[in-house]
Amino acid sequence: MRVLGRHPVGMILSAPYAVYLAVIFAYPLGFAVWMSFHDYFFAAPGAIVDHPFVGLDNYRAVLTDPGVHQAFQNILIFLVINVPLTTGLALVLAVALNRAVHGRAFLRVAFYVPYVTASVAVVGVWLFLFNSGGLVNSVLGPLAPDPSWLINEHLAMPTIAVFVTWKQLGFFILLYLAALQNVPKELYESAAVDGASAWHRFWSVTVPAVRPATALVVILALITGANLFTEPYLLTGGGGPNGASASPVLVMYQRGLQQGEPDFAAALGVLLVLGVLIVAYINRRLIERD
Amino acid sequence: MKAVRYVVLFAGALIFLFPFYYMLIGSLQSAPDTSITGAFPTSGLTLDNYADINSRVDLVGSLINSGIFTGGVLLGTVVFGVLAGYALARLRFRGRGTLFVLVLLVQVIPFQLLLIPLYVLIVRGYGLADSYLGMILPFAINTTAVFIFRQFFLQLPDDLFAAARLDGAGELRVLWSVALPLVRPALLTAVLLTFIGPWNEFLWPFLVTKQADMQPLAVSLANYISNVSARAANPFGAILAGACVLAAPAVGLFIAFQRHFVSSDLGSGVKG
């Protein structure tokens, strides 16, 4: 009886969830790694085929692929714009929202609503806003870029980065608002006694106090960026122009499923996740350092 | 300072809301007017675009598919997720620690790594292409919701459970008549959070469904955007009408329940 713990019934209650994790996460995870070291391809249903071990061949193919290089460069551009913009705006807006007394419900709805709306729906309106003859260009008049935003190879990725910032910001404001509830009021009071300006209080009290939340925001923004698919697929018509907005997941989809090289895609997926983990680890060390 | 704060907040809010306003206005105009005054039309609004998108994409069928996909995920999460969250929070059993570590790990494993093997397993292995089960399976139990359930069950006082057990109530009964009524607000928050996942999901159902009559609205609208729209008379009008239909349920639910979507509830879920 003791071997199973004080409440063995807990094993039964959590069994469906445990099975789900095993089938949907653990097994596919192992399968992905296995696939990346083997020659794996889609065979006709029912056919029994060999998937010989090929060592690092798939990884070599991924690392020497120009399309993959470009996708990783694109995602770097994305992150350089998206992560600082997201972190900065989310913190400033959360601080302002936290002190606001009037119109809180309206402000909350306004900032969170892009986050709860389907990407596919808001992509529709961004296509309309940013196309060659769209509202953004009519407002800009002679300053409108040519070629227009989403078909301009220098502007396609930055436009996607701004889109994703707008789309996700509400969630990150929410994270910062939660963190702000835990900043001791005394810190602000003693800073006020010392005669610190509002700006100084923000930098010397708020920013250090929410540092753990900042680490989380940066990591989650990074994961969102690494997962980018819907935006380049729909906003820029499949990562265009000329692959200037292709993302690694888009390349995984094109190579793995459209062109039937799941082993290549699996190796790319493993590398992508390793990349995210390494950057997340470095970020953690940098932000949590005193 | 105070005035500046409100100016920044309200200006930001208007910028954030503008695309939604423009989506609605664009869906009601018979011809796209992209001039600045065109954003504030005074007449000539019509529902033609809704009829147009409905003739190209089966709106009702797609909405039903979205509903079944989302409903399946909600059912799995509320039934099995609550059971797991309760067990993790209030019961001591073998394997509990391991399971909780897995709950945390799953939240950092990006879905894209699982994409290819899940596709191979579910579509090629189990033959679940173009089926609701195939759509639902990868999302069947929302791990973030399990985590939120656990946090809320954890916050309930121990005495409550001791008393109920002393009265001889079984664990399911304790859960159903003691614990659940007390965490009803948390349940609502978790259900709302879980709802927006499958309702808005594009990539997975896009991979699983090739038959148009099985596609959720996010997928059929995306296919319309990328394939068909070039040939329509007013492509943007139809796209925006479809976008409004796709956005409305999630936005409506969110506005109706926005007070449950607050930082304290989610904060306890996020902080751990």
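Nothing in this text is a laboratory measurement; each read-out follows from the coordinates by a stated rule. Just so it is clear, the model here is predicted, and its values are computed rather than measured. Note that each Cβ is placed from the backbone with ideal geometry, even for glycine, and that neighbours are counted across all protein chains shown.
At-a-glance table
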| quantity | calculated |
| --- | --- |
| GNM top mover of A:A105, A:A71, A:A265 - chain A, alpha-carbon springs below 10 Å | A:A105 |
| Expected 222 nm ellipticity per residue - DSSP helices of 4 or more, -39500 (n - 2.57), all of chain B, to 500 | -19500 deg cm²/dmol |
| Residue range of chain B that is longest and free of chymotrypsin sites (Phe, Trp or Tyr not before Pro) which are both DSSP loop and sparsely packed (at most 15 other C-beta within 10 Å) | B:127-256 |
| Extension reserve of the B:R5-B:L160 stretch, reckoned as 0.36 nm per residue once the Cα distance is removed | 51.3 nm |
| Over chain A: helical MRE at 222 nm, DSSP H runs n ≥ 4 each giving -39500 (n - 2.57), nearest 500 | -20500 deg cm²/dmol |
| Sequence-distant residues sharing a close amide H with A:H38 (under 5 Å, placed H) | A:V54 |
| Largest to smallest principal axis extent of the C-alpha atoms in the range A:65-288, angstrom | 64, 44, 28 |
| Most fluctuating residue given options A:Y115, A:Y176, A:Y17, as computed from a GNM of chain A linking Cα atoms under 10 Å | A:Y17 |
| Zone residues, the range A:37-65, relative to B:Q211, backbone N less than 14 Å from point 7 Å out along Cα-to-Cβ | none |
| Separation in nanometres of the label points that stand 7 Å from Cα toward Cβ, at A:I48 and B:I68 | 3.6 nm |
| Backbone N within the range A:53-86 under 15 Å of label point (7 Å from A:Q258 Cα along the Cβ vector) | A:67-68, A:71 |
| Net dipole in debye of the range A:65-288 [+1 Lys, Arg Cβ; -1 Asp, Glu Cβ; about Cα centre; nearest 20] | 620 debye |
| Interchain or long-range residues, amide H under 5 Å from B:D130's placed H | B:T209, B:K210 |
| R0 of 25 Å, Cβ-Cβ distance B:R184-B:V60: FRET efficiency to nearest 0.05 | 0.15 |
| Exposure rule at most 16 other beta-carbon atoms within 10 Å, DSSP loop trypsin sites (Lys or Arg not before Pro): chain B longest free segment | B:95-209 |
| Aspartates and glutamates whose Cα lies under 18 Å from that of A:K167, excluding same-chain neighbours fewer than 8 positions away | A:E231, B:E201 |
| Point-to-point label distance, B:R92-A:L277, nm (Cα→Cβ direction, 7 Å offset) | 3.4 nm |
| Packing rank of A:267-275, A:205-213, where each peptide gets the mean count of other beta carbons within 10 Å, highest leading | A:267-275, A:205-213 |
| Nitroxide proxy distance, nm - points 7 Å out along Cα→Cβ at A:A22 and A:N242 | 5.3 nm |
| Fluctuation leader among A:I173, A:I219, A:I24 - chain A, Gaussian network, Cα springs under 10 angstrom | A:I24 |
| Calculated FRET value between A:R99 and B:L17, using beta carbons and R₀ = 22 Å, to 0.05 | 0.55 |
